[in-house]
Amino acid sequence: MGKSPRLHRLEEIGLDRLYELRDLMRADAGYRLWSPLPHQVPPSGRWWGWLLMAGRGSGKTDGVSAYVANHVRGARCLPGPIPHRIALIAPTIGDAAQTAWHHPSSYRAHDPAGKMRTVAGGTIFEWPNGSEAKLFGCQATEDVERLRAGGSNCLVHAEELAAWRRLDEAWDQMRFGLREGPHPHWVASTTPKVRKMMHKLVARDDVVVTQASTRDNPYLPADTVADLYADYGGTRLGRQELEGELLEKVEGAPWDLDWIETDRITDPDVIGRIRFRRVLVGVDPAGGATEIGIVAAGVIPSCLCGNEAPFPHFGVVGDFTAPGGTTPLEWGRQVGLAFDEAQADRVVCERNYGGDLVRSNLQTARPDLPVEFVTATRGKEVRMEPIAALYEARRVHHLGWFGALEEQMTTWTRDDTQSPDRVDALVWALAGLSTRSTGIKVSTRSGMLSDRVG
């Protein structure tokens, strides 16, 4: 039997030439020729999992992609025409395609003779020796079901593990399929987040954790790194996103990040099909030195998320918070911008902090804004409780990523002296929506929310 046309083409080009083309591709994209940094070197010994937990831009995906390439070139795990069967699992199937093919840290960058192809069961990256990596996302219930039917593997690459939306469910299905060869194991490349699964993995004796920071990649633009550390160095967010540190859950914080992550919606097509019954912009005015919280949220009468929580659901549309030091006229205009971008029905604004001045400010900045004032009659923590309960009941979806807001939600406690302005704005918006959804009325004369919702 003659050789396939594909093998003829590979022989004509030659692997040496392919690797030369790979290096040119990396150079054109601004990437260095591959030579592993210390944190990209796999650990020695026999381990079940290697967790490369590192800051943004540290080269974690590059390191794990190189490990996968070396595994494929090593001793076969399976008999027959497919010596290695791998699952590449990422937050979405598009992210998996980036990791396999499109990104300069991709499998293709480390093995340019590989090919991507679509078969009846999904999308596969195939190496010249017949090894295969099947691509999976874990964004929706259907993705988890695909993992359930995804076959068995000798190796799993968990890309941006901490950002998997269906983390617990997807992890369970991944483990059931990780059973081929003499030593089934997994490798993960991720920036950490405060999630229960991350803490469980770090605590295991058979998981090796490699931690690295953004600064550990000497090939990043020095000015960019300096700017990031100037803005975020020493902050909780910087410790996570730059230093690659897995932070502890803050005791007493009203929200758990798992509640947010599990029901987050990021697919633009899904977001584009969501229809809101009502959208409010919550505003928490504050003194001049602190932020002015501005957050938009809406009621989703019939949700596309697929979870079984009772309707209605709620969607956080955007965080438009104005920074500290913003003038009254500027933040008034920012409220108007949020109103327009969110296609809102009304602005809900706390009156406690100089209500008449706030009203005058908004009318000056945007005279046509429909504004409803509410009065805080109970403490912040009490006001937050029913809104946090909506999250725990899986009825709230963040339509995208709102890092500063989510940081405040999962770290603020009653002992903090600084007001959580973004969270306050979120609470005003969702309280206004949820009271209407449950039939609780808001006084149009006084603008005061019922004590039943804080």
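No value in this document is a laboratory result; all are computed from the given coordinates. From a predicted model like this one, the values you see are computed outputs, not experimental measurements. In this analysis, Cβ positions are derived from the backbone assuming ideal geometry, glycine residues included, and neighbour counts consider all displayed protein chains.
Remarks
- Helix-only [θ]222 nm of the chain, DSSP H runs n ≥ 4, -39500 (n - 2.57) each, per residue, nearest 500: -10500 deg cm²/dmol
- Estimated inter-spin distance, Thr224 and Ser360, nm [label 7 Å along Cα→Cβ]: 4.7
- For the chain, the fraction of alpha-carbon pairs lying more than 33 Å apart is 44 percent, rounded to a whole number.
- If you bin all the Cα-Cα distances of the range 179-305 at 10 Å, starting from zero, the percentages per bin are 9, 23, 30, 27, 9, 1, 0.
- Of the trypsin sites (Lys or Arg not before Pro) found in the range 339-402, the ones in coil according to DSSP and having at most 15 other Cβ atoms within 10 Å of their Cβ are Arg378.
- Stretch gain in nm, segment Glu142-Val250, where the contour uses 0.36 nm per residue and the Cα spacing is subtracted: 35.6 nm
- Among 313-321, 95-103, 120-128, the peptide with the highest mean count of other Cβ atoms within 10 Å heads the list, and the full ranking is 313-321, 95-103, 120-128.
- Estimated dipole of the range 5-241 in Debye, rounded to 20 [Cβ of Lys and Arg +1, of Asp and Glu -1, Cα centre]: 480
- If R0 is 51 Å, the Cβ-Cβ spacing of Asp205 and Ser302 corresponds to a FRET efficiency of close to 0.60.
- The chain: relative contact order as a whole-number percent, Cα under 8 Å and 6+ apart: 14
- Magnitude of the charge dipole for the chain, about its Cα centre and with charges confined to Cβ atoms of Lys, Arg (+1) and Asp, Glu (-1), is about 1100 debye.
- Farthest toward positive dipole pole in the range 213-366 [+1 Lys/Arg, -1 Asp/Glu at C-beta], among Leu237, Gly252, Ala296: Ala296
- Three-way shape label, the range 257-453, alpha-carbon gyration tensor, a/c 1.5: rounded
- For the peptides 269-277, 385-393, the ranking by mean Cβ contacts within 10 Å, running from highest to lowest, is 385-393, 269-277.
- The simple spin-label model puts a point 7 Å past each Cα toward its Cβ; for Asp269 and Asp340 those points are separated by 3.1 nm.
- Between the listed residues Phe125, Ser106, Gln40, the Cα displaced farthest toward the positive end of the dipole of the chain, a dipole computed from Cβ unit charges relative to the Cα centre, is found at Phe125.
- The range 5-241 shape via C-alpha gyration tensor axes, a/c threshold 1.5: oblate
- Other-chain or far-sequence residues with amide H under 5 Å of Ala212's (modelled H): Met53, Ala54, Gly55
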